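The values are calculated or read from the model by the stated rules, or taken from the named source; none is laboratory data. Bear in mind that the values here come from a model prediction, so they are computed numbers and not experimental data. Don't worry about glycine lacking a Cβ; one is built from the backbone with ideal geometry, like all the others, and counts go over all protein chains shown. Ligands, DNA and RNA are excluded from the accessible area calculation, which covers all protein heavy atoms including side chains. Shrake-Rupley method; radii C 1.70, N 1.55, O 1.52, S 1.80 Å.
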Amino acid sequence: MAANPLVIVLMGSKSDWDVMRQSADVLKQFGVEHECRVLSAHRTPLETAEYVTAAEGRGVEVVIAAAGGAAHLAGVCAAHTVLPVLGVPMESAALKGMDSLLSTVQMPAGIPVGTLAIGPAGARNAALLAVAILAGSRPELREKLKAFRAEQRTKILSEKLT
Ligand code: RP5
């Protein structure tokens, strides 16, 4: 457990960690304190509800929730907190993540989940979006985001095709 996490990164199974460590890597890169945990909407429903309900009181500002298949985790998190919840659909063996995507993105009106892309791009972008949300009241993070964009720009402009 991190002492004062600003972001929590939840995933439905340890099997999601290979992808979701990329969220953690980005948060680390930006110096954002975070906590990563496996909690499942189906397998640990009570613990999930308790953990997410307590998050706001611990100073958490953004919840990232990743799950695959019948991916209810992000929606369940959003049901238990008014903190922004960012959903990352995991690629699944059966349907290549289309099941996860639709389960995460199609929230009925009233309980929003901001859904990112399937898999690694979603994992990285969820963390970048979390940083952007935090940057609203933290100028130093906004500057780091601008520097990150500038780096990407420089890299693209310097690409040589042989
Ligand atoms: C979901 O089911 C998890 O998020 C994972 O993506 C998927 C498969 O889980 P395991 O059977 O690998 O534990 O709950």
Inset, instruction - Take the alpha-carbon centre of the range 115-144, take the same for the range 1-47, and report the distance between them in whole Å. - result: 14
Legend entry - Probe 1.4 Å, protein heavy atoms only - accessible area per residue of the chain in square angstrom: 54
Inset, instruction - Just need the relative contact order of the range 1-142 here, percent rounded to a whole number, with Cα pairs under 8 Å and 6+ apart. - result: 24
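Sort 23-36, 5-18, 44-57 by the packing proxy (mean of other Cβ within 10 Å over each peptide's residues), most packed first. Don't jump to the answer; show the numbers that get you there.
Values: 23-36: 18.3, 5-18: 20.6, 44-57: 15.2.
Highest to lowest by the protection proxy: 5-18, 23-36, 44-57.
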Inset, instruction - With a 1.4 Å probe and all protein chains in place, put 149, 43, 138, 37 in order of accessible area, largest first. - result: 43, 149, 37, 138
Inset, instruction - Return the Cα extents of the chain along principal axes one, two and three, sorted largest first, each rounded to a whole Å. - result: 51, 38, 30
Inset, instruction - Could you look at the chain and say what percent of its accessible area is carbon and sulfur, using a 1.4 Å probe and all protein chains? - result: 58
